[in-house]
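See below for the structure under consideration.
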Amino acid sequence: MAGTANVIEAEELRRTYAGGFEAVSGISFSVRRGELFALLGTNGAGKTSTVELLEGLAPPSGGSVRVLGHDPYTERAAVRPRTGVMLQEGGFPSELTVAETVRMWAGCTSGARAVDEALELVGLERRSDVRVKQLSGGEKRRLDLALALLSRPEVLFLDEPTTGLDAEGRRDTWELVRALRDGGTTVLLTTHYLEEAEALAERLAILHEGRIAASGRVDEVVAAQPSHIAFELPDGYHLGDLPPLDRLGVSSHETSGRTVRLRTTALQHAATGLLLWARDSGVELRGLDVRSASLEEAFLKIAQDQRGEMEAAR
């Protein structure tokens, strides 16, 4: 497997629960070695069902999945020692201390890191003697991550890793995840924090009702959505005094009082034309806000479009 580019491969993957509900409806994607891949979606989109198949917790109802060249369910013994899993909730024994919890887990892990090393990685070295029940929600998430990293995994599954963390803790976790990726660890991330996915992921797939609605590099997915330009019309000017919007590459616009909002897929061209007009007219565009689309905007638009298509089909 050392010469294989992809360490995770899903082909026409399906998962159907009792009663016939299909949570995953024939999705295909791959994750390259040393890549951080984000799997996004609204609640009920099929993220957890998909990740459980990748982790080998259940067999697929159809299609296939390979992790490190093996079926993670039927060849679990070949896959599990080389992967780390951070679940949404760990369920630790509440009376054990942090150090005791890590030591207990290390006893079941081949080639485990030293307890002190694992706790230092996640910033819990000063909380080693504290009982689990006394930890904050964010500290429990850090402990979850410490256990996922005990085996120095080649593939790391992170399910909502920063839920409950404050801003500083979230940033610290991001830096740790980046360092792991840079060190060659392949990371599959699920998160509801779209800023997190945008900051960390190289590629992503957005799930909607068990299907992949969009996938690709983060910048490509974002670039498919229009950028925004907003400003206040100068005194004495009206919308019709601006350069023709179609020549600026503006796809749509709206006004609210004196404020104009433009949407465009040619941001540089539109902004340059607008600023040149303002210079030549000798006016100031107060409140000027020029910005590219964000992953959150792309995500919401994709989800909205998918709902509309499905409602129309029904």
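The values are calculated or read from the model by the stated rules, or taken from the named source; none is laboratory data. Small disclaimer: the values here were computed from a predicted structure and weren't measured. Using ideal geometry, Cβ is built from the backbone for each residue, glycine included, and neighbour counts are taken over all protein chains shown. Quick note on the areas: whole protein, heavy atoms, side chains included, nothing else; ligands and nucleic acids left out. Shrake-Rupley method; radii C 1.70, N 1.55, O 1.52, S 1.80 Å.
Quick notes
- Of the residues Glu89, Glu95, Glu120, the single one that is of a type outside the set (Gly, Ala, Ser), closer than 26 Å to Asn43 by Cβ and outside any strand (DSSP E or B) is Glu89.
- The lone criterion from (1) of a type in the set (Ser, Thr, Tyr); (2) open to solvent by less than 30 Å² (accessible area, probe 1.4 Å); (3) touching a Ser or Thr at 6+ places or on another chain (Cβ under 8 Å) left unmet by Ser61 is number (2).
- Residue pairs whose Cβ atoms lie under 7 Å apart, separated by 6 or more positions or on different chains, with the first residue in region 50-77 and over 22 Å from Glu35 (Cβ atoms) and among the hydrophobic types (A, V, I, L, M, F, W, C) and the second open to solvent by 50 Å² or more (accessible area, probe 1.4 Å) and not in a loop (DSSP other than H, G, I, E, B), are Ala58/Glu52.
- Residue selected from region 77-95 under the condition charged (D, E, K, R) and farther than 19 Å from Thr185 by Cα, by the criterion modelled with the lowest pLDDT: Glu89
- Filter pass, Glu52 being among the charged types (D, E, K, R) and part of a strand (DSSP E or B): no
- Condition check for Leu267: out of contact with any helix residue (DSSP H, G or I) (no Cβ under 7 Å at 6 or more places or on another chain), among the aliphatic types (A, V, I, L, M) and over 30 Å from Gly34 (Cβ atoms): yes
- Within region 15-61, being over 21 Å from the mean Cα position of the chain (by Cα) and within 27 Å of Asp305 (Cα to Cα) holds for Arg15, Thr16, Tyr17, Gly20, Phe21, Glu22.
- Whichever residue in region 109-121 is exposed (fewer than 13 other Cβ atoms within 10 Å of the Cβ) and closer than 10 Å to Ser151 by Cβ and, among such residues, is modelled with the lowest pLDDT: Ser110
- Within the set Leu285, Leu276, the sole residue that is open to solvent by less than 80 Å² (accessible area, probe 1.4 Å) and either not aliphatic (A, V, I, L, M) or not in a loop (DSSP other than H, G, I, E, B) (or both) turns out to be Leu276.
- Some residue of region 122-129 being of a type in the set (S, T, N, Q), more than 23 Å from Val155 (Cα to Cα) and touching a residue at least 12 places away in the same chain (Cβ under 8 Å): yes
- Check on Pro161, in a helix (DSSP H, G or I) and in contact with a Ser or Thr (Cβ under 8 Å, 6 or more places away or on another chain): no
- Test: residue in region 180-189 that is in contact with a Ser or Thr (Cβ under 8 Å, 6 or more places away or on another chain), within 15 Å of Leu295 (Cβ to Cβ) and touching a residue at least 60 places away in the same chain (Cβ under 8 Å): no
- Check on Thr50, surrounded by 22 or more Cβ atoms within 10 Å (Cβ to Cβ), β-branched (Val, Ile, Thr) and closer than 26 Å to Gly138 by Cα: yes
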